[in-house]
Amino acid sequence: QAVAITCGGTGVISPTKGVIFEARVKITLATDSVFEDGSVYEVIVGMATAGSAVSVSAAAFDGFADNVGFRLGGGAQETNSIFLESDDGTTDNDDKDSGIDFTSGTYHIYKIDMSDTSNVKFYVDGVSANNGNTFDMSAIAATDYLEPFLMFARTNTGGDERAHLMDIDYVKCTWKRT
């Protein structure tokens, strides 16, 4: 039970070209106020290395050579926290709590500003989400092409299965040509 949206490994976004990623996404939890801990849902909103095999396992996003994004909920934790992470193949900065929670049934705008790869900025609804963390992706090569990666998956058979929903209003990526 999973869905992943990618560009099919097209390799179009050079990460050193001042990339700005933005997506407006809504997660609606069916019966719970937070993700139920035994069900292990994974929600990713971000970008990952193009050309990688799409997987919906619990470690899918972490398995990409390069990635940057939001992880909504806590996997095996009962939470609606929004976590941030980045990996440039050298520095792996996983699951840093933004201090912001998503609200079930409400659209949120998730923005990643890679204008300075040594200090990638995350925003939720226009509010800085870095929460004192520095996300250094300066080791990423210009040819380590990224593409949007949005995933919603239930990654185990424990707990109670729920009919949660993920609505994606838009995904937008801009970057410099030269």
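In table form, for the structure just shown:
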| read-out | value |
| --- | --- |
| Residue check, S104 more than 15 Å from M151 (Cβ to Cβ), touching a Ser or Thr at 6+ places or on another chain (Cβ under 7 Å), modelled with pLDDT of 85 or more and among the polar types (S, T, N, Q) | yes |
| Residues located in segment 107-148, provided they are farther than 16 Å from D95 by Cα and in contact with a His (Cβ under 7 Å, 6 or more places away or on another chain) | D125 |
| Residue within segment 29-43 that is modelled with pLDDT of 75 or more, in a loop (DSSP other than H, G, I, E, B) and aromatic (F, W, Y) present | no |
| Which listed residue is open to solvent by 50 Å² or more (accessible area, probe 1.4 Å), part of a loop (DSSP other than H, G, I, E, B) and touching a residue at least 40 places away in the same chain (Cβ under 8 Å), from S115, S104 | S115 |
| All positions within segment 134-156 that are farther than 17 Å from M47 by Cα and either at pLDDT 95 or above or in a strand (DSSP E or B) (or both) | T134, R154 |
| Count of segment 124-133 residues which are closer than 11 Å to I112 by Cα and in a strand (DSSP E or B) | 2 |
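The values are calculated or read from the model by the stated rules, or taken from the named source; none is laboratory data. Because the structure is a prediction, the values reported are computed rather than measured. Don't worry about glycine lacking a Cβ; one is built from the backbone with ideal geometry, like all the others, and counts go over all protein chains shown. Side chains included, ligands, DNA and RNA excluded: accessible areas come from the protein's heavy atoms. Shrake-Rupley method; radii C 1.70, N 1.55, O 1.52, S 1.80 Å.
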